[in-house]
Amino acid sequence: MPPEKPLLTVIVPAYNEEQIIQHNLSIICEYLASLEAEYRWELIVVDDGSTDATGKIADSFAAERGRVVVLHHKFNFKLGQALRFAFNESKGDYVAVLDIDLSYTPAHVGRMLARMKETGAKIVIASPYAKGGKVSNVPWARRLLSFWANRFLAMTVAKDSQSDKLTTITGMVRAYDGKFLRRLTLKSMDVEINPEIIYKAKILRARIMECPAHLDWKPALETGSLAVRRKSSLKVARSMVHHILSGYIFRPFMFFIVPGGLLFVLSLYPLTWTVVHTIHAYRKAAGPGLSFDYRLSDAIGAAFAASPHSFIVGGIALLVAIQLISLGLLSLQKKRYFEELYYLNTTIHKDLRRKNDQ
């Protein structure tokens, strides 16, 4: 018997996309059919509590195609819960995620899988910011926030020799090793699930690679005179909070030890001034029978009278620096404990699944 072809699961979350869902699902299925020489495939559509006809259209589409499965949320639980639902229901040896608006064309799936086979990676990210990538027709505010958010998060991700230097952390369009993905214990409810996957994959020493991608926000659908414009769900304040919290999870010392170190360096100037002037005043203090304690206190008093703000600013900066550095060390310790526990939990979970499969 010839070996069975690997199964590819493609996941497409959707929320209130009645205008484009049937057209774009047809494009995705047509592309997946072109991969049948290499893969068996299934398409999972997650209707995340849509309030329009998205769910009904997806069900009608799936009824005519045996390889399409539609999962429904009664309410809108956001992206993280939608992806977790689909990940748990997936059966593929490989799992790929696409956006229903096809801002990344389905051809990216084949490129990501080729990159995965070439490198042995557990995760491959479609990155418009990698060398050879491209961004088109994206509003400048969205593009600017996305670029700098990924730049910031990339700085917080620990680098290793077996993975690429990541340029896209928040991107959803990815390919995964199916068994590895289903081993991950995920808890995020919204867009922060994408950085969470990277963080936990790094704990497990997984190889993560990127392939250049073209992010194109041309009209999501054009039929005659109709052009359905892409909807940006960008909420700047919420996105910034998510990115900052994700950065803290990746590398907490940046939020405590780095500012603490800067404050400590800044405190050195006024504190050095106070020490130098105190020594100078101590040498000038004279008188028969004056004790060391009296001369020192008199010298400190003279230095304080000459520049009280140096004592106050330097002292406060030093205290705050010590507090921040202490919090940074505690957060690093907590992060290490979490990583060890997560690694242990994943190993136990893997062993239990293997026993159950047997």
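Laboratory data are not the source of any read-out in this text; all were calculated from the coordinates shown. These numbers come from a predicted model, not from an experiment. Neighbour counts run over all protein chains shown; Cβ positions are idealised from the backbone, glycine included.
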Legend entry - Inter-site label distance for K284 and S26 at 7 Å from Cα along Cβ, in nm: 9.1 nm
Legend entry - Alpha carbon Rg of the range 7-249, scaled by the compact-globule rule 2.2 N^0.38 Å: 0.96
Legend entry - Greater than 21 Å apart at Cα, pairs in K202/K334; K117/K179; K122/K165; K91/K131: K91/K131
Legend entry - Net length gained if the chain between K74 and R205 were fully extended (0.36 nm per residue, minus Cα distance): 43.5 nm
Inset, instruction - For A305 and V265, calculate 0.36 nm times their separation in residues minus their Cα-Cα distance, and state this gained length in nm to one decimal. - result: 12.0 nm
Inset, instruction - With a 10 Å radius around each residue's Cβ, average the other Cβ atoms per peptide and rank 154-160, 54-60, highest first. - result: 54-60, 154-160
Inset, instruction - Please turn the phi angles of the range 260-265 into ³J(HN,Hα) values with the Karplus equation 6.51 cos²θ - 1.76 cosθ + 1.60 (θ = phi - 60°), one per residue in order, whole Hz, x for glycine and proline. - result: x, x, 5, 5, 4, 4
Inset, instruction - May I ask you to give the average projected area over all directions of the convex hull of the Cα atoms of the range 58-201, in nm² rounded to one decimal? - result: 9.9 nm²
Inset, instruction - Could you calculate the FRET efficiency of F180 with W273 from 1/(1 + (r/R0)^6), where r is the beta carbon distance between them and R0 is 41 Å, rounded to 0.05? - result: 0.10
Inset, instruction - Give, in whole angstrom and from largest to smallest, the semi-axes √(5λ) of the equivalent ellipsoid of the range 99-141, with λ running over the eigenvalues of the Cα gyration tensor. - result: 22, 13, 8
Inset, instruction - With the Cα gyration tensor of the range 28-89 in hand, give its eigenvalues times 5 under a square root as the equivalent ellipsoid semi-axes, listed largest first in whole angstrom. - result: 23, 14, 8
Inset, instruction - Would you mind checking which residues have amide H under 5 Å from S127's amide H? H placed 1.01 Å from N; only 5 or more apart, or other chain. - result: C211, A213
Legend entry - Semi-axes of the equivalent ellipsoid for the range 249-328, Cα gyration tensor, largest first, Å: 35, 11, 8
Inset, instruction - Using θ = phi - 60° and the Karplus relation 6.51 cos²θ - 1.76 cosθ + 1.60, list the HN-Hα couplings for the range 305-320 in order, rounded to whole Hz, with x at every Gly or Pro. - result: 5, 6, 7, x, 5, 5, 5, 5, 5, x, x, 5, 4, 5, 5, 5
Legend entry - In nm, spacing of pseudo-spin labels at E18 and A114 (7 Å Cα→C-beta vector): 4.0 nm
Legend entry - Two-site label geometry, F147 and N88: point separation in nm, points 7 Å out along Cα→Cβ: 4.0 nm
